Amino acid sequence: MASGICQALTEGRAALSVIGLGYVGMPIAVAFARHVKVIGFDCNEKKIGTYLGGADPTGEVGDAAVRNTSAVFTADPARLREALFHIVAVPTPVNGDHTPDLSPLESASRTLGRNLTPGSVVVFESTVYPGVTEEVCKPILERESGLVCGADFKIGYSPERINPGDRVHRLETIVKVVSGMDAETLDAVADVYSLVAKAGVYRAESIRVAEAAKVIENSQRDINIAFMNELSIIFNRMGIDTKAVLEAAGTKWNFLPFTPGLVGGHCIGVDPYYLTYKAERMGYHSEVILAGRRINDDMGRYVAENAVKSLIAAHKPVRDARVAILGFTFKENCPDTRNTKVIDIVKELGEYGVTPLICDPAADKEEAKRLYGITFAQPGEIRDMDAVILSVAHDCFKALSPEDVDAFFGGGKKVLLDVKGLFSRSEYEARGYLYWRL
């Protein structure tokens with residue numbers, strides 16, 4: 001059944017669908033549309049309208065690519081019936097208690113199931129814990145479609161590796177892990193993804209192996225960053241500059257180049273919880289992974305506390321202090337504000353009676369207003385500040401000169417918290433700043 005799907009796609013006898021057109025789904029749709037017929041589906045009609053208008057709010061492929069792609073963007077689920085190869089790329093966030101929120105994935109599975117046709121292959125890309133594809137998604141597809149998995153349709157899993165804002169590691173330039181429920185499905189999934197994954201595909205031996213590979217990729221990064229954050233806390237108490245320590249240690253050939261920072265977003269800050277949740281259900285309580293999560297989840301509060309300490313050290317009153325935060329997105333050069341840890345700085349400062357001005361020219365302004373009730377200040381409004389917290393390494397902030405930074409401040413000692421270590425400590429301290437960084 002699955003063996004001829006790639007040929008049917010390349011010959012134009014069948015279409016490929018992408019369900020969920022966000023930071024992951026849109027690049028997939030645009031890439032495949034260069035080779036096969038693509039139907040890009042999203043239940044968000046406003047988002048579809050934006051794409052149909054030729055705009056790419058994610059910034060992942062650019063407006064020109066959206067305008068020129070042959071992919072069909074639609075909010076009509078009936079169009080999914082035209083496809084035989086389906087890629088599900090919806091978000092998989094966590095709840096407030098850090099348990100997996102599978103509702104977007106379950107909803108997408110229901111929608112697809114109602115429009116699934118015999119002979120189809122369904123591949124999930126959403127980050128999940130091992131077992132979700134076969135234990136959660138497959139039963140929904142069967143129930144909604146009335147079809148039998150294995151006889152009427154096949155399933156696979158290929159973990160997304162999109163890195164928002166990264167212009168080097170793209171879908172076409174990274175190895176794509178693929179898996180299928182059987183050998184025939186694996187061949188079909190590998191053949192289809194080979195159309196766009198020019199760096200090659202890696203055939204995982206099972207769906208669960210592919211699911212597990214995804215969650216440990218980001219869990220590994222999370223743990224390493226947590227180690228750097230803990231070192232930063234320790235060295236800060238010792239009066240040692242962490243960046244200087246890491247530069248010295250980095251001269252060893254096998255020292256890993258991780259740095260301290262805020263860990264937000266939808267991968268590194270989320271994936272470990274999927275793994276530890278499944279481990280808990282199997283009777284094992286994670287030690288190392290959850291310890292790393294606790295450290296990283298607390299860094300926003302830690303930055304805010306050091307901002308308060310710095311204000312006190314500069315002999316400035318804390319309550320109603322004029323503080324600016326430069327950058328609000330979860331990572332540099334990316335408009336996405338979802339699960340940003342900068343909000344933790346904002347909330348903690350609020351506990352001290354400080355309402356900061358927040359400036360982020362790169363951020364999605366509507367999203368920040370909707371999710372956090374935050375309205376961004378314009379760069380020109382950042383004046384007469386008591387302290388400035390540079391929290392996200394956007395290119396526009398990297399380009400700031402010392403004179404530009406000077407203009408942000410009012411009288412008294414200038415307090416600069418350079419969370420990402422963009423600037424030279426010695427240069428700013430020579431200019432009379434109270435300078436702090438992780």
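Values in this text are rule-based calculations from the coordinates and carry no lab data. Just so it is clear, the model here is predicted, and its values are computed rather than measured. Neighbour counts run over all protein chains shown; Cβ positions are idealised from the backbone, glycine included.
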Greater than 22 Å apart at Cα, pairs in Lys198/Lys420; Lys37/Lys154; Lys37/Lys331; Lys309/Lys420; Lys243/Lys309: Lys198/Lys420; Lys37/Lys331
Placing each pseudo-label 7 Å from Cα in the direction of the beta carbon, Cys43 and Ala151 end up separated by a distance in nanometres of 2.9 nm
Run the simple label-point estimate for Glu144 and Ala291 please: 7 Å along Cα→C-beta, distance reported in nm. 4.2 nm
Please list, in chain and number order, the residues 5+ apart from Gly156 or on another chain whose amide H is under 5 Å from its amide H, with Hs placed from the backbone. Val122, Val123, Phe124
No solvent, one uniform scatterer per C-alpha: report log10 I(q)/I(0) for the range 344-438 via the Debye equation at q = 0.16 1/Å, two decimals. -0.71
Under the Karplus curve 6.51 cos²θ - 1.76 cosθ + 1.60, θ = phi - 60°, whole-Hz ³J(HN,Hα) for the range 220-226, x wherever Gly or Pro sits: 4, 5, 4, 5, 5, 5, 4
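Go ahead and estimate [θ] at 222 nm for the chain from helices alone: -39,500 (n - 2.57) per DSSP H run with n ≥ 4, summed, over the residue count, rounded to 500.
Calculated mean residue ellipticity at 222 nm is -11500 deg cm²/dmol.
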What is the gain in length, in nm to one decimal, between Ala244 and Glu11 on full extension, counting 0.36 nm per residue of separation less the C-alpha to C-alpha distance? 78.2 nm
Which shape class applies to the range 1-110: rounded if a/c is under 1.5, otherwise prolate when a/b exceeds b/c and oblate if not, where a ≥ b ≥ c are the square roots of the Cα gyration tensor eigenvalues? oblate
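Neighbour counts of other C-beta atoms within 10 Å: give me Ile240, Ile162, Ile19 arranged from fewest to most.
Fewest to most other Cβ atoms nearby, the residues stand as Ile240, Ile162, Ile19.
What value does the range 5-205 have for Rg/Rh, both radii from Cα atoms and Rh as Kirkwood defines it?
Values: Rg = 15.6 Å, Rh = 16.8 Å.
Taking Rg over the Kirkwood Rh, I get 0.93.
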What is the order of Leu400, Leu84, fewest Cβ neighbours within 10 Å to most? Leu400, Leu84
Hey, could you get me the Stokes-Einstein D for the range 196-316, Kirkwood radius over alpha-carbon pairs, 4 °C and 1.567 mPa s, rounded to whole µm² s⁻¹? 77 µm²/s
Relative to the chain, whose Cα atoms define the longest principal axis, helix 103-114 and its Cα axis are tilted in degrees, nearest 10, by 20 degrees
Of Thr251, Thr50, Thr375, how do they rank once you tally other Cβ atoms within 10 Å and put the fewest first? Thr251, Thr375, Thr50
Along Cα→Cβ, 7 Å out, is where each label goes; now give me the distance between the ones at Glu381 and Asp320 in nm to one decimal. 1.9 nm
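Label the chain by shape, choosing from rounded, prolate and oblate, from the square roots a ≥ b ≥ c of the eigenvalues of the Cα gyration tensor; if a/c is under 1.5 it is rounded, and otherwise prolate applies when a/b is larger than b/c, oblate when it is not.
It comes out prolate by the Cα gyration axes.
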Stretched out fully, how many nm does the piece from Tyr284 to Glu429 gain, at 0.36 nm a residue minus the Cα gap? 47.3 nm
Where in the range 134-151 does the label zone of Thr117 land, with the point 7 angstrom along Cα→C-beta and an amide N cut-off under 20 Å? 141-151
Would you pull out the residues with amide H under 5 Å of Asp182's amide H, same chain only if 5 or more places away, H placed 1.01 Å from N? none
Given H placed 1.01 Å from N in the peptide plane, which residues other than close sequence neighbours of Tyr202 have an amide H under 5 Å from its amide H? Lys176, Val177, Val178
Give me the extension gain from Glu403 to Lys252: residue separation times 0.36 nm, minus the current Cα-Cα distance, reported in nm with one decimal. 50.7 nm
Separation between Cα centres of the range 125-148 and the range 44-117, rounded to whole Å: 17 Å
For the range 209-235 and the range 364-438, what is the centre-to-centre distance using only Cα atoms, to the nearest Å? 27 Å
